[in-house]
Amino acid sequence: MMKIHVDKLKKTFDVKPTNKAMRSVYQFQLDSAKLSNMKGKKSSEVFSDAIKLIDNIEGFLTNTLGLSKAESKKLDDDFGQEDISEMASYVASRLMGMSDEEIKAERTEAQGTDPKK
């Protein structure tokens, strides 16, 4: 069992890194990559893909963390797309073996700042 604390949900989850969980991580990442490629798409396709992306992220978090209906509804009602994307990225990174420190360093690097300053 792996303990994954999701700050925005103010809760720690016990997640078993099974093949099913890892398949879900890779599927989430694949779907996100496919849906975020908007070059050459019609406006209707862009909006349809944006809805699919939100649904996929919420589904990934709900299934992987074993969220209750109330917690799942909270994802939809209380958070924006950036928040749930950040949560899903964090959960996926933890399941892929990254520590909290490695994730923080990677995010800091991506933002172009030095974590040691």
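Every read-out reported here was derived from the displayed coordinates using simple, explicitly stated rules and does not represent laboratory data. For clarity, every value in this text was computed on a predicted model and none was experimentally measured. When we count neighbours, we look across all protein chains shown, and the Cβ atoms used for this are built from the backbone with ideal geometry, even at glycine.
Some observations on this one:
- Kirkwood estimate for segment 50-108, i.e. one over the average of 1/r between Cα atoms, Å: 12.0
- Between the listed residues Ile84, Tyr26, Ser44, the Cα displaced farthest toward the positive end of the dipole of the chain, a dipole computed from Cβ unit charges relative to the Cα centre, is found at Tyr26.
- A simple charge model with +1 on the Cβ of Lys and Arg, -1 on the Cβ of Asp and Glu and nothing else charged puts the dipole of the chain at about 280 debye relative to its Cα centre.
- Model label points for Asn19 and Ser72, set 7 angstrom from Cα along the Cα-to-Cβ axis, are 2.5 nm apart.
- Rg(Cα)/(2.2 N^0.38 Å) for the chain, N = residue count: 1.12
- Remark: for residue pairs Lys10/Lys42; Lys16/Lys73; Lys52/Lys73, the C-alpha separation exceeds 27 Å in Lys10/Lys42.
- Take the convex hull of the alpha carbons in segment 1-56; its mean projected area over all directions comes to 4.8 nm².
- Protection proxy ranking, highest mean first, for peptides 12-24, 61-73: 61-73, 12-24, where packing is the per-residue count of other beta-carbon atoms within 10 Å, averaged.
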